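The values are calculated or read from the model by the stated rules, or taken from the named source; none is laboratory data. Note that this is a predicted model, so its numbers are computed, not measured. Ideal geometry is used to build each Cβ from the backbone, glycine not excepted, and the neighbour counts take in all protein chains shown. Remember, those area values only see protein heavy atoms, side chains included, never the ligands or the DNA or RNA. Shrake-Rupley method; radii C 1.70, N 1.55, O 1.52, S 1.80 Å.
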Amino acid sequence: MRLSLVLLSLFMMPMMTVQSAELAKPTGPVVLTVTGNIALTNDGDTAIFDLAMLDALSQHSTTTITPWYEGEQTFSGTIIADLLESLGAEGQSLTVTAINDYAAEIPLADFANDKVILASRINGGLLSVRDRGPLFVIYPFDQNASLYNEVYFGRSVWQVKSITVH
Ligand SMILES: Nc1nc2c(c(=O)[nH]1)N[C@H]1C(S)=C(S)[C@@H](COP(=O)(O)O)O[C@H]1N2
Ligand SMILES: [Mo]
């Protein structure tokens with residue numbers, strides 16, 4: 001009896017591993033596609049997210065001056081480091097691509113040094129595409145003055161649609 005239980009659990013283990021490598025599927029419109037070196041997927045070898053899935057990950061708010069809006073604004077959304085960790089992402093950098101196909105290369109070190117978010121909200125309301133949404137990479141410029149320059153502005157991709165980990 002005990003032996004058969006041990007054998008059963010040994011047999012089940014690889015199945016459980018396979019199952020845990022599956023990410024829930026989006027039920028709403030897909031707002032983000034993540035590809036590349038990730039361990040968890042839900043659509044072939046990619047991970048696709050609706051807004052509810054992004055909202056279910058750790059959230060953070062940053063109140064800051066930016067070059068794109070008048071005065072201080074409060075941005076909130078998913079902490080990119082936590083999004084990457086939740087997918088078992090590994091590598092050196094991200095390529096973040098926008099709806100208009102603008103793309104920027106972001107070293108993963110940026111996410112270890114500062115709480116960079118994939119903002120979905122501005123002052124509590126959804127970022128519309130017209131307002132550079134639905135997702136905008138926001139650095140905490142007001143927390144770290146060394147971010148307020150062209151290098152990080154260029155990595156501040158708005159209207160984000162996909163991320164590749166490599
Ligand atoms: N979607 C998108 N994000 C983008 C860009 C772009 O062209 N498209 N340009 C980047 C660069 S290189 C910079 S310096 C800033 C420029 O913002 P601005 O065009 O409002 O000055 O946004 C960054 N984010
Ligand atoms: Mo730029």
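Do any helices (runs of 4 or more DSSP H) entirely within region 60-166 hold 2 or more residues that are within 16 Å of ligand 2 (Cβ to nearest atom) and open to solvent by less than 60 Å² (accessible area, probe 1.4 Å), and if so, which? Please lay out each step first, then the result.
On the way: elements: 80-86, 109-113, 150-155.
Filter on region 60-166 gives 150-155.
Beta carbons closer than 6 Å, at least 6 apart along the sequence or on distinct chains, pair a first residue in region 43-67 that is small (Gly, Ala, Ser) with a second that is surrounded by fewer than 17 Cβ atoms within 10 Å (Cβ to Cβ) and in a strand (DSSP E or B) for Ser61/Thr74.
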